[in-house]
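Input: a single structure, listed below in structure tokens.
Please treat every number below as a calculation from the coordinates, not as lab data. All values reported here derive from a predicted model rather than from experimental measurement. Cβ: placed from backbone, ideal geometry, glycine included. Neighbour counts: every protein chain shown.
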Amino acid sequence: MRKLTYYIACTIDGFIGDPEGDATSMFKYVDAPYLQYMNAEYPETIPTHARAAVGIDGDNKRFDTVIQGLKSYQLALDINVTSPYGHLREFVATRSLTESPDPNVELIADDLVGRVRELKAEDSPLDIWLCGGSTIAGELIEEIDELIIKTYPQVYGSGMPMFGAGFEPRDFVLDGVHTFDNGVLVRRYTRQR
């Protein structure tokens, strides 16, 4: 069975964006050592249109599928990119869009959990990347097998949480931490079931 991995950036206090979802204040921590590590470990998380610029041209290492919400996808649409992760199978969870703007992008309007379970049951050596955001992470919280959290040394105080879900403790086991001199941490957790 394939894993669903929530790979996300957040602040120290667990917000993935300000109240409107903007996370650009975190970008100032993206330096050369951090990029080198992330591009080597998670190359498929770099949008297709930016891969050549950062020297990524190989096969996918961890993921062959990406799922994202409309707010995450809208960032690409705003710059006229209809398939931001064309090197992956792309799914967008949305009830607003009724027709996909790209043949590589499948829209999921209903039964997101059921569709993710189908994807997880596929025979593939690579996993599924949950790109964001908060609402679909909350909907899929029981399906998430792994967390990769890029924590930036900022505190927002309020904003968009990592999970838009009600209170219920769920346990994960820390598998590793990579630290950077600029204060960024990349933590990897596995779901304890």
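Miscellaneous remarks
- Restricting attention to segment 93-108, the residues being under 19 Å from the mean Cα position of the chain (by Cα) and assigned to a loop (DSSP other than H, G, I, E, B) number 2.
- The numbered conditions (1) touching a strand residue (DSSP E or B) at 6+ places or on another chain (Cβ under 7 Å); (2) outside any loop (DSSP other than H, G, I, E, B); (3) farther than 28 Å from residue 24 by Cβ are all true for residue 124 except (2).
- Any hit, segment 73-92, residues being within 26 Å of residue 159 (Cα to Cα), in a helix (DSSP H, G or I), among the β-branched types (Val, Ile, Thr) and within 16 Å of the chain's Cα centre (by Cα): no
- Scanning segment 155-176 for residues being exposed (fewer than 12 other Cβ atoms within 10 Å of the Cβ) and over 26 Å from residue 71 (Cα atoms) gives a total of 5.
- Residue within segment 99-118 that is more than 26 Å from residue 25 (Cβ to Cβ) and in contact (Cβ under 8 Å) with a residue 60 or more places away in the chain present: yes
- When residue 135 is tested against the conditions (1) touching a residue at least 40 places away in the same chain (Cβ under 8 Å); (2) outside any loop (DSSP other than H, G, I, E, B); (3) surrounded by 19 or more Cβ atoms within 10 Å (Cβ to Cβ); (4) not basic (Lys, Arg), the lone failure is (3).
- Matching option when the condition is crowded, with 18+ Cβ neighbours inside 10 Å, polar (S, T, N, Q) and in a strand (DSSP E or B), among 190, 151: 151
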